[in-house]
Amino acid sequence: MGKTPTQAKHVPSTSSTSATHSQAERMQLLVCIEDDQRSAGAISHVQTIAQALGGDVVLLHFLEAAEKGGAPLDPVDWEIRRRVANDVLTNLAQKYQTADHAIQVAVLEGRRIDQLCGYAARHPGGITAFGRIEGAEGLHAWRAARCLVDADIGSILMVPSAAFTTAPTRYACVFVALDGSSVSESVIPSAAAIAKQQNAKLIVCHVVPDPGSINIGLQDRELQDLQMRLVKRAKTAARTYLDRINDMLKGYGTPATTTMIVEGDARKSLLKTIRERGGDLLIMASHGQGMDPTLPSGHVASFILDHADIPVLMMRPQRNSGDAHVSAEPVHKGTRQPADTET
């Protein structure tokens, strides 16, 4: 491979086993750069998060062979493509890196989903960033992102094209979405670190299903009244839960508030609240019990990734049974029941 500049470090591709211990010890934040380079607009966001969480930024590009049945692979042409791709990444690294934070580059050879999943699996605890763009390149990115989430390999950052920038990114309002589970709370330390480093407001929101989303198909007036009482109880439990979250947030040293969302479709209500409150980064767990009990958690994640007009950091939960969490597991799928709350 061609020699890279001293500041734009090269990371060995998946065919190499010479990764250093220092690279393995630090969180790696990967930015997938497609052929048209539009996704480079996500680099600034990744740099900001890397600075807050203490990680290294790595620009990735994938070289894939022709589909089966295509023309035979020309080794000379392949080497030229690899060098060109490396030069493109190196130029982007030089453009975006700072004196304090060098950016590394890596060209991975092979089927992109296989290479990306393998790379992420060898660097656990990392974050992979994608640009949400239109066209075939955007579809490739979406499929790769869903693969990482579904396989529970790592965390992802999805940056919509509307948020692309070449200027340093600053966040003024960081949102955290909780579903009432201990798994969802695992993102709070990272969210607090980002908010503190950015001197941003931290808003933690909890979505409570309303009577329209808890549809049990009841027409009898008495049974409908029972349904409303269940929802009222869920709201009471949510207030208790958020009070405890508020107490926990005081220990992070950054201004934080909590809010409860009680309105229609949980997914749409969350995005609406973020727009109204001026949020510019959303952080949530990639897996949990789901903000809306009527929808699989994967549906909620897909909707948020596809429709949010701000960057979404969807973090792989750190499942440690020894950790103490604010909430217990729910006693009913439709009623979020914080720990020690009366039933």
When you check residue 104 against the structure, is it in a strand (DSSP E or B) and among the polar types (S, T, N, Q), yes or no?
yes
State which residue pairs qualify: first residue more than 26 Å from residue 271 (Cα to Cα) and inside region 197-223, second residue open to solvent by 80 Å² or more (accessible area, probe 1.4 Å) and at pLDDT below 75 in any location, beta carbons under 9 Å apart, and separation of 6 or more residues or different chains.
223/216
Cβ-Cβ under 7 Å pairs, at least 6 apart or on other chains, region 248-267 side under 24 Å from residue 233 (Cα atoms), far side among the basic types (Lys, Arg):
260/239; 262/235
Out of (1) under 17 Å from residue 187 (Cβ atoms); (2) modelled with pLDDT under 90, the one residue 292 does not meet is (1)
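Let's see how each residue does on (1) open to solvent by less than 10 Å² (accessible area, probe 1.4 Å); (2) in a helix (DSSP H, G or I); (3) modelled with pLDDT under 95; (4) over 21 Å from residue 310 (Cβ atoms):
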position	(1), (2), (3), (4)
159	yes, no, no, no
167	no, no, yes, no
177	yes, no, yes, no
184	yes, yes, yes, no
193	no, yes, no, no
202	yes, no, no, no
216	no, no, yes, yes
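Here is a yes/no grid of residues against (1) surrounded by fewer than 22 Cβ atoms within 10 Å (Cβ to Cβ); (2) in contact with a Ser or Thr (Cβ under 9 Å, 6 or more places away or on another chain):
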site: 74; (1), (2): yes, no
site: 89; (1), (2): no, yes
site: 98; (1), (2): yes, no
site: 130; (1), (2): no, yes
site: 137; (1), (2): yes, yes
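The values are calculated or read from the model by the stated rules, or taken from the named source; none is laboratory data. Keep in mind the model is a prediction, meaning the values are calculated, not measured. Don't worry about glycine lacking a Cβ; one is built from the backbone with ideal geometry, like all the others, and counts go over all protein chains shown. For accessibility, only protein heavy atoms count, side chains too; no ligands or nucleic acids. Shrake-Rupley method; radii C 1.70, N 1.55, O 1.52, S 1.80 Å.
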